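Below you'll find the structure, written out as structure tokens, and then a few comments.
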Amino acid sequence: MDTLALRHALGRFATGVTIVTCRGPDGRFEGLTMNSFNALSLEPPLVLWALRRVSHLVPAFTQATHFAVNVLAESQQALATRFAGPVADRFAEGDWHCKPDGAPVLTGATAVFECVPVQHQALGDHLLFVGEVQRFTDADLPPLVFHGGRFRGLR
């Protein structure tokens, strides 16, 4: 199968854009831009997302006691780009806060889901993470969308 063509075809499915965060085993904030996020269940409240198995962040997320999925607003495209690339201190930009028992949460996101990991499982070239939502917030803000390899707004 032509994986480049498959990736292109999959890019035709418009998704929201998130920054998934955790506190690593050393206490440092970790996070990355992610669009492989979905709701899984309402009872219990479960969400899922996937991380490439070769990512340097695998140890942080597999050992984390909490993670947060920050659904980006259209105005937060610069943060999406920042967290997608190799930046020394990704959290130097944005208004981040963190409860002692939680993961970094972004002020101004259109939604935030604070989760306790339930399971992670290797599937193909990714790890699938399932988390139980402990707390969430939402705001009536236009979301940032990813489609056809580009960030977009809904307009």
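The values are calculated or read from the model by the stated rules, or taken from the named source; none is laboratory data. The model shown is predicted, which means the values in this text are computed figures rather than measured ones. Cβ placement follows ideal geometry from the backbone for every residue including glycine, while neighbour counts extend to all protein chains displayed.
Of the strands (runs of 3 or more DSSP E) lying entirely inside segment 19-61, those containing at least 3 residues that are modelled with pLDDT of 95 or more, in contact with a Gly (Cβ under 9 Å, 6 or more places away or on another chain) and aliphatic (A, V, I, L, M) span 46-52.
All of ALA68, ALA80 fail the test of being of a type in the set (Gly, Ala, Ser), closer than 14 Å to ASN35 by Cα and part of a strand (DSSP E or B), apart from ALA68. Residues considered: GLY102, GLY131. Of these, the only one that is part of a loop (DSSP other than H, G, I, E, B), out of contact with any Gly (no Cβ under 6 Å at 6 or more places or on another chain) and not hydroxyl-bearing (Ser, Thr, Tyr) is GLY102.
Does segment 10-18 contain at least one residue that is aliphatic (A, V, I, L, M), touching a residue at least 24 places away in the same chain (Cβ under 8 Å) and either in a loop (DSSP other than H, G, I, E, B) or under 24 Å from SER75 (Cβ atoms) (or both)? Yes. Filtering segment 111-128 to residues that are touching a residue at least 40 places away in the same chain (Cβ under 8 Å) and outside any strand (DSSP E or B) leaves only ASP125. Return only the number of the condition from (1) exposed (fewer than 15 other Cβ atoms within 10 Å of the Cβ); (2) within 13 Å of the chain's Cα centre (by Cα) that LEU79 does not satisfy. Result: LEU79 passes all but (1).
Could you identify the single residue in PRO44, PRO25 that is in contact (Cβ under 8 Å) with a residue 12 or more places away in the chain and loosely packed, with under 12 Cβ neighbours inside 10 Å? Break it down stepwise before answering.
Details: PRO25 fails: loosely packed, with under 12 Cβ neighbours inside 10 Å.
Matching residue, one of PRO44, PRO25: PRO44.
Contact annotation: residue pairs with Cβ atoms under 6 Å, 6 or more positions apart or on different chains, pairing a residue in segment 61-87 that is under 17 Å from ASP26 (Cα atoms) with a partner that is outside any strand (DSSP E or B) and hydrophobic (A, V, I, L, M, F, W, C), are HIS66/ALA103; PHE67/ALA103.
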